[in-house]
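The values are calculated or read from the model by the stated rules, or taken from the named source; none is laboratory data. All values derive from a computational prediction rather than experimental measurement. Using ideal geometry, Cβ is built from the backbone for each residue, glycine included, and neighbour counts are taken over all protein chains shown. The area values use the complete protein model at the heavy-atom level, side chains included, leaving out ligands, DNA and RNA. Shrake-Rupley method; radii C 1.70, N 1.55, O 1.52, S 1.80 Å.
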Amino acid sequence: MPAHTGRLILTEQDPFRLPDEAALRTALDAVGLIAGPLPDGEAGYATGPRFLELVVFAGCAVRLELSPRGDGGPFCHVRLLGPYTLPRFLGGRNTRPPRCPSCRAPLKGWAGAALGWDRSAEQPLACPACGARASAFRWDWKEGAGFGRLLLSIEEVFPGEAVPTPALLDLLTRTSGRPWRYFYAQDP
Ligand SMILES: [Zn+2]
C-alpha cells in the first residue's frame, strides 16, 4: 500500500481547549461537510453534499475520489481525532523547524532525540539563537504541524493541496466559541 498522502487538520487555536464533540458533529453534518459514517465499520465520515464548497482544492490536475474505491485506494473522507486528555502533537514529513516566538530563529533538529522533546505541548524548548524558553505550542509551526485535543482531519490531502474556506473556519469558530486554525500533517 502506498504511503498516506497526508491530512488537512483543523483545530482550535488554543490547543488546550476541548470543543464539544457532539455539537461539532451536528454542525458539520448540518452544513453538509460530512455525511454518514463510512461503510464497513471504517472510522470516519463520508464527505457531505457541500464538502467541495467548504474545502477548496487547488489545481485542475487533482483527481478527487469522494467514495471508497473497490481497490482499497485512497479516497477523501473526514475524521474526528480525539478527544485527547492533553493536546497531541501532529506533524510529520512535511513539518519544518518551528520558529522562536521571540527572535524567529528556526529550531533545527526539533525532531531529533538530542532535543529530548517528548512532543507535549507544554514542554519548554530553548532557542539556540536567543536563549528564550517557550512551551512547544508557542513556537511558530506555520501550517506544518499543530497541537489539539479534538481535531478535524480531512484525508487524504497533500500539504497545501486544499484549504478550508473562511465559511468553514467561521462555522467551527461559532460552534465552539473560539477561533480555529489549520495545518497539514503527513505521516513521519
Ligand atoms: Zn530565539
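Anything in segment 1-13 that is surrounded by fewer than 17 Cβ atoms within 10 Å (Cβ to Cβ) and closer than 20 Å to P166 by Cβ? List them, or say none. Of everything in segment 1-13, just one residue is surrounded by fewer than 17 Cβ atoms within 10 Å (Cβ to Cβ) and closer than 20 Å to P166 by Cβ, namely Q13.
So, of the residues in segment 18-42 that are open to solvent by 60 Å² or more (accessible area, probe 1.4 Å) and at positive phi, which turns out to be modelled with the lowest pLDDT? Step by step, filter segment 18-42, then rank; the result is G41. Identify, please: which residue in segment 137-153 is touching a residue at least 60 places away in the same chain (Cβ under 8 Å) and in contact with a Pro (Cβ under 8 Å, 6 or more places away or on another chain) and is, among those, farthest from the ligand (Cβ to nearest atom)? If we take residues in segment 137-153 being touching a residue at least 60 places away in the same chain (Cβ under 8 Å) and in contact with a Pro (Cβ under 8 Å, 6 or more places away or on another chain), then L150 is farthest from the ligand (Cβ to nearest atom).
Each residue in segment 120-136 was checked for being away from the ligand (no atom under 11 Å from the Cβ) and either open to solvent by less than 50 Å² (accessible area, probe 1.4 Å) or among the β-branched types (V, I, T) (or both), and 5 of them qualify.
The rows are residues; the columns are (1) away from the ligand (no atom under 16 Å from the Cβ); (2) under 20 Å from I9 (Cα atoms).
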{"position": "C76", "(1), (2)": "yes, yes"}
{"position": "L80", "(1), (2)": "yes, yes"}
{"position": "L86", "(1), (2)": "yes, yes"}
{"position": "G109", "(1), (2)": "no, no"}
{"position": "A114", "(1), (2)": "yes, no"}
{"position": "D118", "(1), (2)": "yes, no"}
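For the subset of segment 43-72 comprising residues that are outside any strand (DSSP E or B), on the phi < 0 side of the Ramachandran plot and touching a residue at least 24 places away in the same chain (Cβ under 8 Å), which member is surrounded by the most Cβ atoms within 10 Å (Cβ to Cβ)? If we take residues in segment 43-72 being outside any strand (DSSP E or B), on the phi < 0 side of the Ramachandran plot and touching a residue at least 24 places away in the same chain (Cβ under 8 Å), then F51 is surrounded by the most Cβ atoms within 10 Å (Cβ to Cβ). W110 - would you say it is under 20 Å from the mean Cα position of the chain (by Cα), without any contact (Cβ under 8 Å) to a residue 40 or more places away in the chain, surrounded by 15 or more Cβ atoms within 10 Å (Cβ to Cβ) and outside any strand (DSSP E or B)? The answer is yes for W110.
Let's see how each residue does on (1) modelled with pLDDT under 95; (2) closer than 25 Å to P19 by Cα:
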{"site": "P106", "(1), (2)": "no, no"}
{"site": "D118", "(1), (2)": "yes, yes"}
{"site": "R133", "(1), (2)": "no, no"}
{"site": "R138", "(1), (2)": "no, yes"}
{"site": "A145", "(1), (2)": "no, yes"}
{"site": "E155", "(1), (2)": "yes, yes"}
{"site": "P159", "(1), (2)": "yes, yes"}
{"site": "D170", "(1), (2)": "no, yes"}
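Looking only at segment 114-126, decide whether some residue is farther than 25 Å from L81 by Cβ and assigned to a loop (DSSP other than H, G, I, E, B). Yes - at least one qualifying residue is present in segment 114-126. In segment 150-171, the residue that is most open to solvent (accessible area, probe 1.4 Å) out of those that are acidic (D, E) and not in a strand (DSSP E or B) is D170. When S102 is tested against (1) in a helix (DSSP H, G or I); (2) within 16 Å of the ligand (Cβ to nearest atom), only condition (1) is not met.
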